[in-house]
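A.B. asks: Supplied in structure tokens, the structure appears directly below.
The values are calculated or read from the model by the stated rules, or taken from the named source; none is laboratory data. Bear in mind the structure is a predicted one, so any value in this text is a computation, not a measurement. Cβ: placed from backbone, ideal geometry, glycine included. Neighbour counts: every protein chain shown.
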Amino acid sequence: MRGDISGRRRESPGCTVEKPGSGATAIEERDEEMYTAGIDVGSITAKAAVFKDGAVLGTKVIFTGYSAGDAGRRVYEELLGELGLDASSVSRIVSTGYGRNSVTFASKAMTEIICHGAGAHFLNPHVRSVIDVGGQDSKVIILNGEGRVSDFAMNDKCAAGTGRFLEVMARALEVDLADFGQLSLVSDEPSRISSICTVFAESEVISLISKGEQRKNIIAGIHDAVASRIAALAKRTGIRPPVMMTGGVARNIGVVKALERKLELPIEVLESAQTNGAIGAAVIAARHG
Amino acid sequence: MNSPHLAPFLDALSMEPARNSVSKGGKAIGYFCTYTPVEMIHAAGFTPVRVGGGIAAVTAADALTPNFICPFMRVALERALAGEYRFLSGIVQGYTCDVACGLVHIWEENIGGEIYHTVPLPYNDSPAARDFLRASLQELAAKLKAAGGCMSDGSLNRSLALYGKIRKTVMELYELRQSGKLPLSGADFYRVLQAGFVTPPEDYLVMAERLRDQAADTDETDTPRGIPILISGSLVEVPEIVAICEDAGGAVVADDLCTGYRWFSHPEGEGHDPMERLIDRYMKRIPCPSRTRAEERIPCLVELVSRSGARGVVFLLQKFCTPHLADHPVLVKALKERGIPSLFFEMEETGIMEGQLRTRLESFFQVIG
């Protein structure tokens, strides 16, 4: 029996409820009484999502900390608690993210590339490219018309163009990372950050600070540098519209706007950008009943 | 495969047999790449030993090399500075990439030894190019003689025959593995091949023939499981990378590596005298990107994919390897046009970056599976 695809919302304390796009029609629900879950353990945060009847019932984000396995269990249990669910009512769990294999109670582990593709397609089936920028990785994922991943590329071993880069820069500038995006939008003259290496870029930023450059301009310059790095990866992969950005860095409006300028394409960012991988994992769990 | 014949290959990787040949009064000469005419080194009475890199912390070599050259060369030098190659009498190197040739001089200044030489090579095949190569090889012969070597037409003939047999036997191992009669994991198969570069060739031929005969005699077949892939690149010196490829869901069924197929294919050349046959073999071998244009590598790569049944290509390239990295976009485009998917991964000296590699491989196999 096909589940409810209307995306009905349930109020849950501390949880976000996502409305699916028509991509949910691709999901064949095997048991309308059972829930599925996705757990995405990233380098900085662990995310969980619970899915039922073609809709995401809730999501949760916590810091990963030292143990990926513990973070996966904790975010899952906390989300179930907030939703008032018992673990026995969850029929299938798919884990993803760099810590996916540490989630030993998951039914299956899938890469974040596949899960971000599935999540984006579920939330907007028109999306053809996903830019996922997390704590230590940036990825560009190309989807075909059926929402399957047809190509992808990942950054190499380098923090430039990732969330970690922004964290380092926020520390150097003594600015709360949450304020980074808005601050950069009021810049009238972004600084030029010539280095693409996190370590050297930090030195460059410190040098700009000592010259008295305004924070907003430095931050805008940092966003331009990050966006350049991601745009190069996107162009190499053959990015095509519509484009959705996911991952924690998608919450930074400054990076999103800089990236739109570099790619000359509009970028869709949903509220669920950070939990998109976990949502995709839960969707895949439902698909495979 | 629990083969008693696998053990000698694993033992040989310690280079003990090569060291023993020196302790018995012989001389061993190192080389970096497969454009070095090892047949001549052997015919002159020396044991050719391919210098290896791998994964290691580069500290001493850091003072002698920039960190934007390939990890292979940096780790090789580090190992040499630590004394691992003290048994070598020097380095002979076919003139391929600039880094390899530059390292010959750094090696000579810092490690010592009695013979150091780079062999100039032509870029194309023509009568004039063959004359040029002949002159280069005659220069090498003189150097080998000065180092106490003694090469004659007869000894060169014997060395050509020996290396020809080794290559033919290894090509048979490739076929036996493809047919399932040599049920070695990809990692073990490449360990077998790797041993061929550091073992005295007479010993290696015996080992390879035993393994071939044992496999040919078996009635059991066990073809590699997983999505068949071809690995492309220069040196894949860490078999664990192949193990990760297979553990993530792939089955390595072919390669175009210079630590693999590119060295062992084209067993012998043709000609009226041994030098002509040697020249013919090196002119007709599958070229390295440092010796030819990317376009000329496409037919061979596509044919290998088609013949092996590989459903995708995984490029495992050394970081900062300019010749391979420059060819990569051209090869990817050619593969794409033929509907062959590919994945790219750069290898570093500091480690395998297993998490990233697994994520890419698992995704790749899910996409093409």
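A.B. asks: Would you mind stating whether B:VAL104 is assigned to a helix (DSSP H, G or I), within 25 Å of B:LEU193 (Cβ to Cβ) and not charged (D, E, K, R)? Break it down stepwise before answering.
C.D. replies: Working: assigned to a helix (DSSP H, G or I): yes; within 25 Å of B:LEU193 (Cβ to Cβ): yes; not charged (D, E, K, R): yes.
Against the criterion (assigned to a helix (DSSP H, G or I), within 25 Å of B:LEU193 (Cβ to Cβ) and not charged (D, E, K, R)), B:VAL104 qualifies.
A.B. asks: Here's something else I'd like to know. Could you please let me know if A:ALA178 is aliphatic (A, V, I, L, M), part of a loop (DSSP other than H, G, I, E, B) and modelled with pLDDT under 80?
C.D. replies: no
A.B. asks: Can we say A:VAL50 is touching a Leu at 6+ places or on another chain (Cβ under 7 Å) and at pLDDT 95 or above?
C.D. replies: On the way: touching a Leu at 6+ places or on another chain (Cβ under 7 Å): yes; at pLDDT 95 or above: yes.
It is true that A:VAL50 is touching a Leu at 6+ places or on another chain (Cβ under 7 Å) and at pLDDT 95 or above.
A.B. asks: Restricting segment B:185-222 to residues that are of a type in the set (Ser, Thr, Tyr) and buried (at least 20 other Cβ atoms within 10 Å of the Cβ), which is nearest to B:LYS168 (Cα to Cα)? Full working, then the answer.
C.D. replies: First, the residues of segment B:185-222 that are of a type in the set (Ser, Thr, Tyr): B:185, B:190, B:199, B:204, B:218, B:221.
Going one step further and asking which of them are buried (at least 20 other Cβ atoms within 10 Å of the Cβ), we end up with B:190, B:199, B:204.
Values: B:TYR190: 16, B:THR199: 17, B:TYR204: 13 Å.
So, considering only residues that are of a type in the set (Ser, Thr, Tyr) and buried (at least 20 other Cβ atoms within 10 Å of the Cβ), the one nearest to B:LYS168 (Cα to Cα) is B:TYR204.
A.B. asks: Of the numbered conditions (1) of a type in the set (Gly, Ala, Ser); (2) touching a strand residue (DSSP E or B) at 6+ places or on another chain (Cβ under 8 Å); (3) within 13 Å of chain B (Cβ to nearest Cβ); (4) over 19 Å from A:PRO266 (Cα atoms), A:GLY147 fails exactly one; give the number of that condition.
C.D. replies: Of (1) of a type in the set (Gly, Ala, Ser); (2) touching a strand residue (DSSP E or B) at 6+ places or on another chain (Cβ under 8 Å); (3) within 13 Å of chain B (Cβ to nearest Cβ); (4) over 19 Å from A:PRO266 (Cα atoms), only one is false for A:GLY147: (2).
A.B. asks: List the pairs whose first member sits in segment B:54-65 and is closer than 16 Å to B:ILE111 by Cβ, whose second member is part of a loop (DSSP other than H, G, I, E, B), and whose Cβ atoms are under 6 Å apart, counting only residues at least 6 apart or on separate chains?
C.D. replies: Matching pairs, first to second residue: B:VAL58/B:GLU349.
A.B. asks: Quick check on my filter: what residues within segment B:185-197 are in contact with a Gly (Cβ under 7 Å, 6 or more places away or on another chain) and hydrophobic (A, V, I, L, M, F, W, C)?
C.D. replies: Listed by number, the list holds a single entry, B:LEU193.
A.B. asks: Test of understanding: among A:LYS52, A:LYS139, which residue is buried (at least 23 other Cβ atoms within 10 Å of the Cβ) and within 14 Å of another protein chain (Cβ to nearest Cβ)?
C.D. replies: On the way: A:LYS52 fails: within 14 Å of another protein chain (Cβ to nearest Cβ).
Matching residue, one of A:LYS52, A:LYS139: A:LYS139.
A.B. asks: Quick check on this structure: which one of A:ARG240, A:ARG236 is at pLDDT 85 or above and within 14 Å of chain B (Cβ to nearest Cβ)?
C.D. replies: Values: A:ARG240 fails: within 14 Å of chain B (Cβ to nearest Cβ).
Going through A:ARG240, A:ARG236 in turn, just one is at pLDDT 85 or above and within 14 Å of chain B (Cβ to nearest Cβ): A:ARG236.
A.B. asks: Report whether or not B:VAL99 is β-branched (Val, Ile, Thr), under 28 Å from B:GLU295 (Cβ atoms) and at pLDDT 95 or above. Full working, then the answer.
C.D. replies: Numbers: β-branched (Val, Ile, Thr): yes; under 28 Å from B:GLU295 (Cβ atoms): yes; at pLDDT 95 or above: no.
Judged against the criteria, B:VAL99 is not a match.
A.B. asks: Does A:GLY163 qualify as being surrounded by 21 or more Cβ atoms within 10 Å (Cβ to Cβ), within 14 Å of another protein chain (Cβ to nearest Cβ) and over 22 Å from B:PHE365 (Cα atoms)? Outline the logic, then answer.
C.D. replies: Numbers: surrounded by 21 or more Cβ atoms within 10 Å (Cβ to Cβ): yes; within 14 Å of another protein chain (Cβ to nearest Cβ): no; over 22 Å from B:PHE365 (Cα atoms): yes.
No: the conditions fail for A:GLY163.
A.B. asks: Let me ask something additional. Residues that are more than 21 Å from B:GLY260 (Cα to Cα) and under 17 Å from the mean Cα position of the chain (by Cα): does segment B:100-116 have at least one? If you could, list the steps in order and put the result at the bottom.
C.D. replies: Going residue by residue through segment B:100-116, those that are more than 21 Å from B:GLY260 (Cα to Cα) are B:101-116.
Checking which are under 17 Å from the mean Cα position of the chain (by Cα) leaves us with B:101.
Within segment B:100-116, one or more residues are more than 21 Å from B:GLY260 (Cα to Cα) and under 17 Å from the mean Cα position of the chain (by Cα).
A.B. asks: Show the residue pairs meeting these rules: Cβ distance below 7 Å; 6+ apart or different chains; first residue within segment A:71-91 and at pLDDT 95 or above and of a type in the set (Asp, Glu); second residue part of a loop (DSSP other than H, G, I, E, B) and crowded, with 17+ Cβ neighbours inside 10 Å.
C.D. replies: What qualifies is A:GLU82/A:SER12; A:GLU82/A:CYS15.
A.B. asks: Would you mind listing the helices (runs of 4 or more DSSP H) fully within segment B:11-90 where at least 1 residues are out of contact with any helix residue (DSSP H, G or I) (no Cβ under 9 Å at 6 or more places or on another chain)? Spell out how you get there, then give the answer.
C.D. replies: On the way: elements: B:16-23, B:38-43, B:71-81.
Counting at least 1 such residues, we get B:16-23, B:71-81.
A.B. asks: Considering segment B:357-369 alone, what residues qualify as being touching a strand residue (DSSP E or B) at 6+ places or on another chain (Cβ under 9 Å) and over 16 Å from B:GLN318 (Cβ atoms)? Talk me through it step by step, then tell me what you get.
C.D. replies: As a first pass, look at segment B:357-369 and keep what is touching a strand residue (DSSP E or B) at 6+ places or on another chain (Cβ under 9 Å): B:357, B:359-369.
Scanning segment B:357-369 gives B:THR359, B:ARG360, B:LEU361, B:GLU362, B:SER363, B:PHE364, B:PHE365, B:GLN366, B:VAL367, B:ILE368, B:GLY369.
A.B. asks: Let me ask you something else. Exactly one of (1) touching an Asp or Glu at 6+ places or on another chain (Cβ under 8 Å); (2) surrounded by 21 or more Cβ atoms within 10 Å (Cβ to Cβ) is unmet by B:SER363. Its number?
C.D. replies: (1)
A.B. asks: Scan segment B:310-327 and give yes if some residue there is of a type in the set (A, V, I, L, M), touching a residue at least 24 places away in the same chain (Cβ under 8 Å) and farther than 26 Å from B:GLY249 by Cα, otherwise no. Show your work before the answer.
C.D. replies: Quick first cut of segment B:310-327, residues of a type in the set (A, V, I, L, M) only: B:310, B:313-314, B:316-317, B:325-326.
From what's left, touching a residue at least 24 places away in the same chain (Cβ under 8 Å): B:310, B:313-314, B:316-317, B:326.
Subsequent filtering for residues that are farther than 26 Å from B:GLY249 by Cα retains B:326.
Yes, because at least one residue in segment B:310-327 is of a type in the set (A, V, I, L, M), touching a residue at least 24 places away in the same chain (Cβ under 8 Å) and farther than 26 Å from B:GLY249 by Cα.
A.B. asks: Would you check which residues across segment B:329-339 are in contact with a helix residue (DSSP H, G or I) (Cβ under 9 Å, 6 or more places away or on another chain), touching a residue at least 12 places away in the same chain (Cβ under 8 Å) and surrounded by fewer than 20 Cβ atoms within 10 Å (Cβ to Cβ) and list them? Full working, then the answer.
C.D. replies: Applying the first criterion (in contact with a helix residue (DSSP H, G or I) (Cβ under 9 Å, 6 or more places away or on another chain)) to segment B:329-339 yields B:329-331, B:334-335, B:338.
Cutting the leftovers down to touching a residue at least 12 places away in the same chain (Cβ under 8 Å) gives us B:330-331, B:334-335, B:338.
The answer is B:VAL330, B:ALA334, B:ARG338.
A.B. asks: OK, next. Residues of segment B:327-369 being modelled with pLDDT under 90, on the phi < 0 side of the Ramachandran plot, assigned to a loop (DSSP other than H, G, I, E, B) and facing chain A (nearest Cβ under 9 Å), which ones?
C.D. replies: Once the filter is applied, which keeps residues that are modelled with pLDDT under 90, on the phi < 0 side of the Ramachandran plot, assigned to a loop (DSSP other than H, G, I, E, B) and facing chain A (nearest Cβ under 9 Å), segment B:327-369 yields B:GLU348, B:THR350.
A.B. asks: Follow-up question, since we're still on this one. Keeping to segment B:24-62, report how many residues are over 30 Å from B:GLY351 (Cα atoms) and either modelled with pLDDT of 95 or more or buried (at least 21 other Cβ atoms within 10 Å of the Cβ) (or both). Full working, then the answer.
C.D. replies: The first filter runs over segment B:24-62 and keeps only residues over 30 Å from B:GLY351 (Cα atoms), leaving B:24-27, B:37-47.
From what's left, either modelled with pLDDT of 95 or more or buried (at least 21 other Cβ atoms within 10 Å of the Cβ) (or both): B:27, B:37-47.
So the answer is 12.
A.B. asks: Does A:ILE131 qualify as being within 12 Å of chain B (Cβ to nearest Cβ) and closer than 30 Å to B:LEU335 by Cα? Before the answer, list the steps.
C.D. replies: On the way: within 12 Å of chain B (Cβ to nearest Cβ): no; closer than 30 Å to B:LEU335 by Cα: yes.
So A:ILE131 does not fit the description; no.
This table checks each residue for (1) of a type outside the set (Lys, Arg); (2) in contact with a strand residue (DSSP E or B) (Cβ under 6 Å, 6 or more places away or on another chain).
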{"residue": "B:ALA251", "(1), (2)": "yes, yes"}
{"residue": "B:ASP256", "(1), (2)": "yes, yes"}
{"residue": "B:ARG277", "(1), (2)": "no, no"}
{"residue": "B:LYS284", "(1), (2)": "no, no"}
{"residue": "B:PRO287", "(1), (2)": "yes, no"}
{"residue": "B:LEU301", "(1), (2)": "yes, no"}
{"residue": "B:GLY309", "(1), (2)": "yes, yes"}
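A.B. asks: Here's a follow-up. Determine, yes or no, whether A:ALA170 is under 18 Å from the mean Cα position of the chain (by Cα), away from chain B (no Cβ under 14 Å) and modelled with pLDDT under 85.
C.D. replies: On the way: under 18 Å from the mean Cα position of the chain (by Cα): no; away from chain B (no Cβ under 14 Å): yes; modelled with pLDDT under 85: yes.
In short, no.
A.B. asks: So A:HIS126 passes all but one of these: (1) more than 16 Å from A:ILE284 (Cα to Cα); (2) at pLDDT 95 or above; (3) within 14 Å of chain B (Cβ to nearest Cβ). Which condition number does it fail?
C.D. replies: Only one criterion is unmet by A:HIS126, namely (3).
A.B. asks: Considering only segment A:241-267, how many residues are within 17 Å of A:ILE142 (Cα to Cα), touching a Leu at 6+ places or on another chain (Cβ under 9 Å) and either surrounded by fewer than 22 Cβ atoms within 10 Å (Cβ to Cβ) or among the β-branched types (Val, Ile, Thr) (or both)?
C.D. replies: 6
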